[in-house]
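Participant: Encoded as structure tokens, here's the structure I'll be asking about.
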Amino acid sequence: MTDQVDVVVIGAGHNGMAAAGYLAREGKKVLVVERMAKVGGMTSSGYMIPEAPNHLVTPCAVELLFARKSGIIEDFELAKYGLKTVDPDPTYAYLHPDGSSIALFYDYKRTAEDIARINRNDGKAYLEFMKTLNVMMDIGFPMMMAEPGRPDMKNLSKIIGSAVRNVRLKDELVALSKATADQVACERFEHPATIALLLGIAAGAGPVDDDGNAAAYMIFAVTHKYGTGKPIGSLQSFSDALARSIEASGATILLNAPVAEIIVDDGAAKGVRLEDGRVIPAKMVIATCDPRTAMRMTTPGGVDRALMQRIEHAPSNRSNAAPFLANIAMSGPLRLKKHQDLRHDDADLNKAVGLIGTSEEVRESFATARRGDIPDRHAMSLSRCRTATRRRHRRADRWPMSICLPWRWMRARAGRPRSRTRPCHRSSAIWANIMTGWTPKSGVSWKPRGNGKSG
Ligand SMILES: Cc1cc2nc3c(=O)[nH]c(=O)nc-3n(C[C@H](O)[C@H](O)[C@H](O)COP(=O)(O)OP(=O)(O)OC[C@H]3O[C@@H](n4cnc5c(N)ncnc54)[C@H](O)[C@@H]3O)c2cc1C
């Protein structure tokens with residue numbers, strides 16, 4: 001048994017660390033317990049493949065998006081603790097098969113002009129869309145910043161204030177929060193390229209035909225207002241800066257410390273038991289792993305049976321399909337020659353996240369995934385990670401890239417991928433398909449390094 005703390009936080013992802021940091025600043029004795037050997041969770045990265053020790057892998061998040069608006073970067077003075085970011089502009093670019101492109105600039109008016117070159121009505125529609133998305137952001141962010149179900153007065157007044165001021169947008173806001181991304185894109189825009197730009201972005205958040213997925217379009221508003229910073233040194237440097245900051249505030253982080261049990265007694269959490277048998281008594285336990293994992297760790301019989309069942313039945317993924325991310329090492333930089341040559345301006349598409357795939361291909365990708373098949377042609381987004389690599393690592397690193405394919409066959413309740421074939425065979429099949437299926441049509445020239453395999 002170790003000394004009692006005020007709060008045990010399970011998980012040193014950025015949410016766990018932020019919670020710990022704020023509590024430590026309030027004078028609480030806080031201990032973060034993390035099962036992995038490093039901090040970061042889904043915002044971690046590193047050299048994870050023993051056979052490819054110089055290949056930087058970013059398994060989940062590649063850019064700071066909503067974190068930019070959350071306030072944690074400023075609150076925890078992450079710049080002081082080593083966080084540096086780069087901000088490619090344009091941030092994203094839709095690459096149409098005919099060589100034309102639409103660039104998503106910080107400046108939404110410039111983006112609208114770029115769209116208007118392809119379709120004048122869509123350019124105007126984009127300006128209107130941005131007005132609605134900005135309101136959605138003004139309402140949505142205070143909701144995210146507040147305690148769900150019990151918003152504090154400051155955030156509640158922001159939510160109500162924005163809603164009242166923009167009551168004329170009510171129907172559109174309801175549609176954005178309930179409709180599919182596909183529906184909203186097709187309702188608002190005419191040209192296939194504009195629709196594909198929208199679907200390409202929404203696909204990163206999940207199936208474009210899922211109800212409510214249209215809310216993913218808030219990414220446009222966030223991108224125009226805050227940009228999508230890529231941390232130099234990749235996402236691990238963001239997590240490391242956060243860890244340094246909260247430790248300076250008095251929080252303690254214990255790595256290699258998987259929790260086996262959340263000790264519940266008399267209807268309240270009283271601490272945790274680690275897998276190695278150590279018990280850490282605490283006045284409060286905050287679990288930042290997924291809710292189902294957290295509930296399964298509670299002392300048997302400690303939590304009301306009905307609540308256990310409610311969480312157990314909460315679907316992690318309702319539609320059997322989810323995005324899939326692959327990291328690859330390239331022998332040289334990805335060149336978008338055809339699309340770059342056809343640009344009318346100085347926008348550097350090679351630094352942006354490239355969205356490849358027509359709207360039909362995005363739809364097909366998810367539909368195919370639901371059947372458990374591999375699509376013939378893939379919609380994907382390509383993110384160059386080299387901009388985010390520390391200079392001293394560059395030679396060894398060469399040209400790391402991450403590819404997000406908007407599909408993967410999922411188990412609806414477990415939230416885990418299913419695979420009919422052995423994973424390595426399946427990955428090889430996917431990889432072979434990407435390389436043969438996309439290179440000529442998209443006008444992208446690339447050459448993976450080695451066998452192109454990665455996490
Ligand atoms: C493929 C992918 C790409 C993404 N891309 C982006 C992006 O580009 N930009 C963006 O903003 N977001 C992105 N996201 C979302 C973002 O990464 C997550 O929303 C965010 O990292 C979640 O942080 P968290 O702290 O809540 O959880 P996590 O990061 O999952 O942290 C939970 C922590 O709990 C630990 N833990 C679990 N069980 C135990 C246990 N029993 N004992 C001790 N510790 C335990 C885990 O090891 C982990 O460190 C992406 C997500 C994925 C999957």
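What follows draws every value from the coordinates through simple rules; no lab data is involved. Treat the numbers as computed from the prediction; the structure is a model and nothing was measured. Cβ atoms come from the backbone with ideal geometry, glycine included; neighbour counts cover every protein chain shown.
Participant: Quick one: dipole size for segment 200-284, taken about the Cα centre, charges +1 on Lys/Arg Cβ and -1 on Asp/Glu Cβ, in debye to the nearest 20.
Facilitator: Using only the charged Cβ atoms, the result is roughly 440 debye.
Participant: How many nm separate the modelled label positions at THR299 and ASP3, each set 7 Å beyond the Cα in the direction of the Cβ?
Facilitator: 2.4 nm
Participant: Would you mind computing the Rg to Rh ratio of segment 225-283 from its alpha-carbon coordinates, Kirkwood style for Rh?
Facilitator: In segment 225-283, Rg relative to Rh is 1.17.
Participant: Show which aspartates and glutamates lie in cross-link reach of LYS283 when reach means a straight Cα distance below 16 angstrom and same-chain residues fewer than eight apart are skipped.
Facilitator: Reachable aspartates and glutamates: ASP3, ASP6, GLU26, GLU261, ASP265, ASP266.
Participant: Give me the Kirkwood hydrodynamic radius of segment 195-306, using the inverse of the mean 1/r over all pairs of distinct Cα atoms, in Å to one decimal.
Facilitator: 18.0 Å
Participant: For SER316, list long-range residues whose amide hydrogen, built 1.01 Å from N in the peptide plane, is under 5 Å from its own amide hydrogen.
Facilitator: For SER316, the qualifying residues are GLY415.
Participant: Provide the per-residue ³J(HN,Hα) series for segment 132-149, in order, calculated from phi with Karplus coefficients 6.51, -1.76, 1.60 and θ = phi - 60°, each as a whole number of Hz, with x at glycine and proline positions.
Facilitator: Residue by residue, segment 132-149 yields 5, 5, 5, 5, 4, 5, 5, 8, x, 5, x, 5, 5, 7, 9, 6, x, x Hz.
Participant: Classify segment 21-176 as rounded, prolate or oblate, taking a ≥ b ≥ c as the square roots of the eigenvalues of its Cα gyration tensor: rounded when a/c is under 1.5, otherwise prolate if a/b is larger than b/c and oblate if not.
Facilitator: It comes out oblate by the Cα gyration axes.
Participant: Next question. Mind jotting down a quarter of the surface of the convex hull over the alpha carbons of segment 1-105, in square nanometres, one decimal?
Facilitator: That works out to 10.6 nm², a quarter of the Cα hull's surface.
Participant: In addition: Between VAL174 and GLN309, what is the label-point separation in nm under the 7 Å Cα-to-beta-carbon projection?
Facilitator: Between GLN309 and VAL174, the label points sit 3.3 nm apart.
Participant: Can you list the residues, at least 5 places off or on another chain, whose amide H is less than 5 Å from the amide H of VAL32, using H built in the peptide plane?
Facilitator: It is VAL9, THR252, ILE253, LEU254, by chain and number.
Participant: Given 10 Å bins starting at zero, what is the percent of C-alpha pairs of segment 275-345 in each, up to the one with the largest pair distance?
Facilitator: 12, 26, 18, 16, 13, 12, 3
Participant: Separate question: For ALA260, list long-range residues whose amide hydrogen, built 1.01 Å from N in the peptide plane, is under 5 Å from its own amide hydrogen.
Facilitator: Distant-sequence amide H within range of ALA260: ARG273, LEU274, GLU275.
Participant: Something else now. Any idea how many Lys pairs in segment 1-100 come in under 22 angstrom at the alpha carbon, given 8 or more places apart or on separate chains?
Facilitator: 5
Participant: I would also like to ask the following. At R0 = 45 Å, how high is the FRET efficiency between ARG278 and ARG370 if r is their beta carbon distance? Nearest 0.05 is fine.
Facilitator: Between ARG278 and ARG370 the formula returns 0.55.
Participant: Also: Compactness ratio of segment 39-93: Cα Rg over 2.2 N^0.38 Å, N = residue count?
Facilitator: Compactness ratio reported: 1.36.
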